[in-house]
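The values are calculated or read from the model by the stated rules, or taken from the named source; none is laboratory data. No experiment lies behind these values; they were computed from the predicted model shown. Virtual Cβ from ideal backbone geometry, glycine too; neighbours counted across all protein chains shown.
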């Protein structure tokens, strides 16, 4: 079999081109630190790299979302702490005001201080984040969620809140609406509320009461009527039926239908007290109603004691409500911390996997470079030697 000179040269050149290309590729890998420059280098590996890159991008966004949510929730947590501190002061003032020895002027001074607390509470409820968005406006965060007219505070925000994704299958609310945080406080003892009749002439007051046997409690509206200063009847307003009656003892407990309460002081014949289903009110009303009570000049001691006692209960209910909101915020902050830790760990793992696929092994590449250089050198020398071979060299 004869090989032509042209075929020999073409084969030799092709071999040297291939060796030069391999050498250049190895040199590029060593200079860039990457063994996979394109999908052609490792189609399967590059597919995996692309998928991991997308997952890293999503995970990075989850962390960004988590940081934003954390900032907002921390601002909300501080707001709820400040609001709670205000109500601790309100509670102190209410207890101070619940003293029949105080003069109208002294109660008025307390009301003035309570007015300042109310104004501060509205200011807290209208706080904004660093971007100027209102914390408690819900999705309507561009305008102040609360407006105040004298002692009446109205919520103008949204009950819906923004949600952000902090994990592949996990979303979280970045705050609470002002309605949930400030406008949804239970009244009374959570089951019923008590009040003294506006026409009472005695000085007796009624406590907020409690349900001691829930299975016996029948929700409804009831009226306690004193037929004389020592005897009372309890009537179901819906049916007019008498559900209980008895003899009154100052400070003694009165029980009916699984509930009980205390009446203290001296009732007059015909005095009434009401028991009605509990509902909800706002944190602002807890203060404003107390202000109204302390500024009133028409209430007797029994009515004052009853309304102030109800306000104290409402203040405590508000503090409990704030505590529940704060606990929810704390749970979300913990979830963010856990989610961010998981995201960081996953990102490190995915980056390691990408590095394993794309990064060059310098020891292997250096060895390959030496071998390719030797092979190219040998091919070049062989080609040069064979190129000199000709019959004309042997003809003299």
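Observations
- In segment 76-129, of all residues being in a loop (DSSP other than H, G, I, E, B) and over 31 Å from the mean Cα position of the chain (by Cα), the one that is nearest to residue 301 (Cα to Cα) corresponds to 100.
- Residue in segment 200-212 that is free of Cβ contacts under 8 Å to residues at least 40 places away in the same chain and closer than 24 Å to residue 313 by Cβ present: no
- Residue within segment 75-86 that is modelled with pLDDT of 95 or more, in the same structural domain as residue 338 (by TED's automatic domain parsing) and either touching a strand residue (DSSP E or B) at 6+ places or on another chain (Cβ under 6 Å) or over 22 Å from residue 317 (Cα atoms) (or both) present: yes
- Note on segment 161-176: among residues that are outside any strand (DSSP E or B) and within 13 Å of the chain's Cα centre (by Cα), the one that is surrounded by the most Cβ atoms within 10 Å (Cβ to Cβ) is 175.
- Complete set of residues in segment 130-154 that are farther than 30 Å from residue 96 by Cα and outside any loop (DSSP other than H, G, I, E, B): 134
- Selection status of residue 157, part of a loop (DSSP other than H, G, I, E, B) and either buried (at least 22 other Cβ atoms within 10 Å of the Cβ) or at pLDDT 95 or above (or both): yes
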